1. What figure in square angstrom, to the nearest 10, would you give for the accessible area of LYS23 with a 1.4 Å probe?
2. How do MET339, MET5, MET121 rank by accessible surface area computed with a 1.4 Å probe, from largest to smallest?
3. What number comes out for the charge environment of LEU21, summing +1 per Lys or Arg and -1 per Asp or Glu over other residues with Cβ under 12 Å away?
4. Just to make sure I understand: if all protein chains stay in place, what is the order of TYR91, TYR253 by accessible area at 1.4 Å, largest first?
5. Multiply the residue separation of ASP124 and LEU96 by 0.36 nm, subtract the distance between their alpha-carbon atoms, and state the gained length in nm to one decimal.
6. What are the ³J(HN,Hα) couplings of region 152-159, residue after residue, when phi is run through the Karplus curve with 6.51, -1.76, 1.60 and θ = phi - 60°? Round to Hz, x for glycine and proline.
7. Amide H of ASP271 versus every other amide H placed in the peptide plane: which residues, excluding those fewer than 5 positions away on the same chain, fall under 5 Å?
8. When N is the residue count of region 1-127, what does its C-alpha Rg come to as a fraction of 2.2 N^0.38 Å?
Amino acid sequence: MQIMMAAAFVSWPSAPLTESLVKRALSNLSVSVVTSLPDIHEYSKLLQWSTYDAIDHDLTHRNPDNVLSSSYTIRKALIRKHYLARCIHSYLTKHLGSVLKDAVPRTWDLEISYADELDEMWSDQLWDLGNEIDGSESQWWILKPGMADRGMGIRLFNSKDSLYQIFEEFEECSEDEDQTSDTSVIISQLRHFVIQEYIPTPLLLDPNERSALGPPENLQGHKFHLRAYFVASGALQLFMYDRVLALFASVPYASPMKRGDVNNAALENIDLTPHLTNTSLQIDRGEEGVHLLDELSGCHILSGDGTDCGALFTPEDIENIKVQMGSVLAETFKAALEMPIHFQPLPNAFELYGVDFLVSHEPTGLDSLGNSRIFQIKLLEVNSEPAIELTGRRLHRILEDLFVAIEQVAVLPFFEKEVGCVPSMEVPVVPRHLRMCLDTRVRGSGGW
């Protein structure tokens, strides 16, 4: 049987843009692109750059010299919100000075199937949260399903009663699946949720200030979150793609409150529109709310206490935020490495993550060490197989550049390495716009 040099199995049936970007990135390599998983014996090396479900993970584990895959098999500690919360909480109990102390909202995780179960939780795992809710009428909290994405199931609440109503709504959706709202979830299918403190001081900018039609006469602050792409390679290097996206809410920001009568605690009265920045919930806007973080340099800062009116968002501010993002995610990966049951990087795998951050703006802010920090990033979540198609046509070029960079740091070294050779200890040449955040070596067979 004739053995061909190398093949790349590429399969993204529900993400045609990702598939085209993968094939484009591979165009400079002498590999045969195939759309069905071939017999490993037909090729000297096989790349599986496909969805998690399409990858043969057993093949990855059994052939560390010959097979490279685009996903780690076990990485729940990063991509499941409730596992991530437990992972970081465990890490912070052992590393009191970690940057994660300031960079992660306080979080509680819970497993619940029915609203009535909350009664017992208030006297058990949610005891301290319940005390805080009872002791403050101004603090808000945000509920997120542990395994949902694209903004599904996100709710705001400021009382025990309103949280109870949220789960009652989810129960009704479970009973009548045809009547679910755009962001409702079926509680019986999820069960795992996290509750985070709502960050009341988001950095506010007006994306219309960078409009092609010119800035509006009256600027209005909009909430936004940052989407950064990180590439983990082997066991383990971590890179940040520094062309960060800023995803804006469709309407100007307003502090959480109920619409109309504030005495009416009906769930549907809480207006989420100024707070939800997920592009999946604003498809009708197209790419209107998507900008590069670098494009926002020079915009007026519209948040804060009003003592520094006219302040501008500077390139130095942007660089400071990017440095924080790299440090925080590197520390997050270190935390995940201390939970090996739920995160196991492999020498012959890599993965692209879309990581979401919020920027908190406090003009007189201090970090946990007492150092001045006006802008503090907050890690929101880590997403595998990020929905890059929502970036929009205008910024398509950065996606092409991102996938070429992935090919250079994660794929090319695999094809250049001779079978059976010990991995090189040399520091790789990092492509433009990629920043190395973490370079460590995981001990043990197969990376463990």
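1. 80
2. Numbers: MET339 40, MET5 145, MET121 15 Å².
Descending accessible area places them as MET5, MET339, MET121.
3. -2
4. On the way: TYR91 15, TYR253 40 Å².
So the residues, ranked largest to smallest area, are TYR253, TYR91.
5. Working: separation 28, 0.36 × 28 = 10.08 nm, distance 2.49 nm.
So the chain would gain 7.6 nm between ASP124 and LEU96.
6. Calculated HN-Hα couplings, in order: 6, x, 6, 9, 9, 8, 9, 7 Hz.
7. For ASP271, whose amide H was placed from the backbone, the distant partners under 5 Å are MET257, ARG259.
8. Working: Rg = 21.6 Å, N = 127, 2.2 N^0.38 = 13.9 Å.
My calculation over the Cα atoms of region 1-127 gives 1.56.
The values are calculated or read from the model by the stated rules, or taken from the named source; none is laboratory data. Every value quoted in this text rests on a predicted model; they were computed, and no experiment measured them. In this analysis, Cβ positions are derived from the backbone assuming ideal geometry, glycine residues included, and neighbour counts consider all displayed protein chains. Heavy atoms of the whole protein, side chains included, go into the accessibility calculation; ligands, DNA and RNA do not. Shrake-Rupley method; radii C 1.70, N 1.55, O 1.52, S 1.80 Å.
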